[in-house]
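Reading through the structure tokens given below for one structure.
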Amino acid sequence: MYDHRSHEGELSTGGPTPKCAVPIRGEITEIVGAPSSGRTSHLVACLRDVVSRGETAALVDTEETFDPGFASQAGVDLRRILWVRCGGHRDVALRATDMLIRCPGFALVALDLGERVPRLSTTLAFRLKFAVRRTDVALLIVGRRRLTGSSAALAIETLREGIEWAGPGPVPTRLARVRTTTRVLRSRRAASGWSPSLWWSA
């Protein structure tokens, strides 16, 4: 059973996402996982919730993999999203994120690093941590592996459990759904553990 009620200082995803995966205002949240493990679905769910509340979010898209059509179908009001495309330049993405979390007006700043996660110095990690606390913005970092270490208040890992295919013929070729599960790697508010499995429609 999932609890979709909002809690003070948190951003409810408004979808089938465990409460433990909710980004926290004034803190850093990390979602890590392999491709097709559900990490992008979590990201889109978070964006959807922010804009559905009438707030504004920023997405720093390092590898330019964000699909506006998919996001719109998932209920994301793109008029409330600042989409920053970085052309694969991770240094640009980090600088853009550092700048955006210091700008007033954003409820959520999301950084999608893609498959190649850069190394981040401890100094810069703490700089991000204290910046989001000053501006009370939720910083969500999505990538293949963790980036900010102990500076993150919450870190979860998405894992793919199964795939369903659809289409005509004896061998369906269209991806229909992906079953994923979520593991809490770090949490200042709850013990680490596993969350129930989820199905994400393609």
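The values are calculated or read from the model by the stated rules, or taken from the named source; none is laboratory data. Since the structure is predicted, the reported quantities are computational estimates derived from the model, not experimental observations. When the accessible area is computed, the model is the full protein with side chains, heavy atoms only, and any ligands, DNA or RNA have been set aside. Shrake-Rupley method; radii C 1.70, N 1.55, O 1.52, S 1.80 Å.
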Task: 3J(HN,Hα) from dihedral phi, region 32-38, Karplus parametrisation 6.51/-1.76/1.60, rounded to Hz, x for glycine, proline - done: 10, x, 6, x, 6, 9, x
Open item on the list: Check which residues have an amide H placed less than 5 Å from GLU30's amide H, if you skip close sequence neighbours.
Closed with: ILE141, LEU154, ALA155, ILE156
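Rank HIS42, HIS89 by accessible area, highest first, at a 1.4 Å probe radius?
Values: HIS42 0, HIS89 105 Å².
Largest accessible area first, the list is HIS89, HIS42.
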Task: With all protein chains modelled, accessible area of ARG183 [1.4 Å, Å²] - done: 100 Å²
